[in-house]
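Peer 1: Once you've had a glance at the structure underneath, I'll fire off some questions.
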């Protein structure tokens, strides 16, 4: 009599140090669940939980080829934040466009209120490019994110300041549109640094990873 799939997976993890990577299709095959059976995916997670096995993210909505991390207890919780590419398209739009636009608008309002507050907000926003780049692997990918973040941030500052209608308390370049080039020019190398740091961290994490789970499991 074959052991339940969740116990087979748990035994495998125990032999491999408690953590490994697989793909969604491996779990679907092991548990005999169709790809479009969302209830079945929920049952997989519940069965694994009863065996003391966790998955790094919900299975619902994931493509069959999506990579996932399986771990015992709390050992294998993701050490790094999700990559930009792992988010859904709406979340990507929020992260890449909405967040820098809103923060830029806030900074633009304070441009007409307080020079000190404006400079602090602008500095924080520009340094945030490192975090934006960290959502990507490699300096090149990070730099591309910096182009978007820097240009949206700078443009939003000018638009919000114009709407606010107050005289600028801090110096603006002439013409003011040059500010967009400045914020973008600073954001690009910082975001590239973030991408480089992420690539470095991913490589370190890869060295600690166990061999991939054989397909299918069980």
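The values are calculated or read from the model by the stated rules, or taken from the named source; none is laboratory data. Please read these numbers as outputs of a predicted model, since none were measured by experiment. When we count neighbours, we look across all protein chains shown, and the Cβ atoms used for this are built from the backbone with ideal geometry, even at glycine.
Peer 1: Is it fair to say residue 66 is crowded, with 18+ Cβ neighbours inside 10 Å, in contact with a strand residue (DSSP E or B) (Cβ under 8 Å, 6 or more places away or on another chain) and outside the structural domain of residue 136 (by TED's automatic domain parsing)?
Peer 2: So residue 66 does not fit the description; no.
Peer 1: May I pose another question? Looking at 14, 34, which is the one that is more than 12 Å from residue 55 (Cα to Cα), at pLDDT 85 or above and assigned by TED's automatic domain parsing to the domain that holds residue 71?
Peer 2: After ruling out the rest, the residue left standing is 34.
Peer 1: Is it the case that some residue within region 154-165 is within 23 Å of residue 197 (Cβ to Cβ), part of a helix (DSSP H, G or I) and either at pLDDT 95 or above or over 15 Å from the mean Cα position of the chain (by Cα) (or both)?
Peer 2: no
Peer 1: Also, I was wondering about something else. Looking at this structure, is residue 126 in a helix (DSSP H, G or I), in the same structural domain as residue 184 (by TED's automatic domain parsing), in contact with a helix residue (DSSP H, G or I) (Cβ under 7 Å, 6 or more places away or on another chain) and modelled with pLDDT under 95?
Peer 2: Against the criterion (in a helix (DSSP H, G or I), in the same structural domain as residue 184 (by TED's automatic domain parsing), in contact with a helix residue (DSSP H, G or I) (Cβ under 7 Å, 6 or more places away or on another chain) and modelled with pLDDT under 95), residue 126 qualifies.
Peer 1: Something else now. Please indicate, with yes or no, whether at least one residue in region 30-47 is in contact (Cβ under 8 Å) with a residue 40 or more places away in the chain and either out of contact with any helix residue (DSSP H, G or I) (no Cβ under 7 Å at 6 or more places or on another chain) or exposed (fewer than 14 other Cβ atoms within 10 Å of the Cβ) (or both).
Peer 2: Checked against the condition, which is being in contact (Cβ under 8 Å) with a residue 40 or more places away in the chain and either out of contact with any helix residue (DSSP H, G or I) (no Cβ under 7 Å at 6 or more places or on another chain) or exposed (fewer than 14 other Cβ atoms within 10 Å of the Cβ) (or both), region 30-47 yields no hits at all.
Peer 1: Sticking with this one: Go through region 72-92 residue by residue and tally those that are surrounded by 14 or more Cβ atoms within 10 Å (Cβ to Cβ) and at pLDDT 85 or above.
Peer 2: Residues meeting the conditions: 4.
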